[in-house]
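Take a look at the structure set out below.
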Amino acid sequence: MKNIKFVLGYSLLILVLLGFHQRESLLEFNAGRSEETVQASVNLFPVQEKNTTVFIFRHAEKDTTDTENEDPLLNDTGKARAKALAEVMKEKQISAIYSTKYLRNMHTAQPLSDMLGIPVTVYEGHDFEQLKQDIHEKHIGQNILVVGHSNTVLEIIETLGAKRPVDEMDETMYNLYFEVDVR
C-alpha cells in the first residue's frame, strides 16, 4: 500500500497571510495502525480557547455479497476496522459521534460509542451545512467523530472550510481518515 503525501505550498502561505491557520492532516488508517501524512485547520468559528477538531472517517468495509442490498452490514474486515477505529480514537477525547442512518456507518461508529458511552447522533447524509451548524452550535472546542461515505467525506471537509486533500475517494478507499481543526 502506498503512502499518500500532501504538500501545501503557496496556499498555506497565502492563508496564513490572510489570517487563516491551515495545517492539513490526513492519516492513513490501516486496521489498527495509523501513519500521519497531512492535517487541516481553518478559522470558521468565533475565537475560542480550544480548537474544535473533527475526525472524519468513511464507513468501514461493507458486505457486498448481496448486490441488491442498499443498506449492507459490515463484512468481517469492516468489523475489524471499526474495532480498530475505536482503539485509535479512544484517546482522542471524543465528545460526540455523528453518523448517517445507514447500517454500515452506524456499525463503524458503534464500537467507539460503546467504548466511550456516547450515543451516535444521526445526521442527514447530504446536509453538510446542517452538520456544520450542529458542530458549531453544540461542540465548540470539542473533538468530534463523523462517519461518512466515499462520496460525502470530501464534501464534509470542504463544508468545514478546509481544502480537499485528495481529488476524489473511490469505493475501495477505506484506510484513510481526515482530521480538520476548526478554529
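The figures follow:
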| quantity | calculated |
| --- | --- |
| Number of the exception - F178 against (1) more than 19 Å from K50 (Cβ to Cβ); (2) surrounded by fewer than 21 Cβ atoms within 10 Å (Cβ to Cβ) | (2) |
| Region 162-175 - residue that is free of Cβ contacts under 8 Å to residues at least 12 places away in the same chain and more than 19 Å from N105 (Cα to Cα) and, of those, surrounded by the fewest Cβ atoms within 10 Å (Cβ to Cβ) | D167 |
| Given (1) touching a residue at least 60 places away in the same chain (Cβ under 8 Å); (2) assigned to a helix (DSSP H, G or I), number of the condition V147 does not satisfy | (2) |
| Subset of region 75-94 [under 19 Å from S150 (Cβ atoms) and either in a strand (DSSP E or B) or among the basic types (K, R) (or both)] | K79, R81 |
| Failed criterion for Y174 (all others in (1) among the hydroxyl-bearing types (S, T, Y); (2) more than 12 Å from the chain's Cα centre (by Cα); (3) closer than 14 Å to F57 by Cβ hold) | (2) |
| Yes/no for I97 being in a loop (DSSP other than H, G, I, E, B) and either touching a strand residue (DSSP E or B) at 6+ places or on another chain (Cβ under 7 Å) or modelled with pLDDT of 95 or more (or both) | no |
| Meets criteria (at pLDDT below 95 and more than 14 Å from the chain's Cα centre (by Cα)) for K50 | yes |
| Count of region 100-139 residues which are outside any loop (DSSP other than H, G, I, E, B), surrounded by 14 or more Cβ atoms within 10 Å (Cβ to Cβ) and not aliphatic (A, V, I, L, M) | 12 |
| Among (1) part of a strand (DSSP E or B); (2) out of contact with any strand residue (DSSP E or B) (no Cβ under 7 Å at 6 or more places or on another chain), the one test that E179 misses | (2) |
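The values are calculated or read from the model by the stated rules, or taken from the named source; none is laboratory data. Because the structure is a prediction, the values reported are computed rather than measured. Virtual Cβ from ideal backbone geometry, glycine too; neighbours counted across all protein chains shown.
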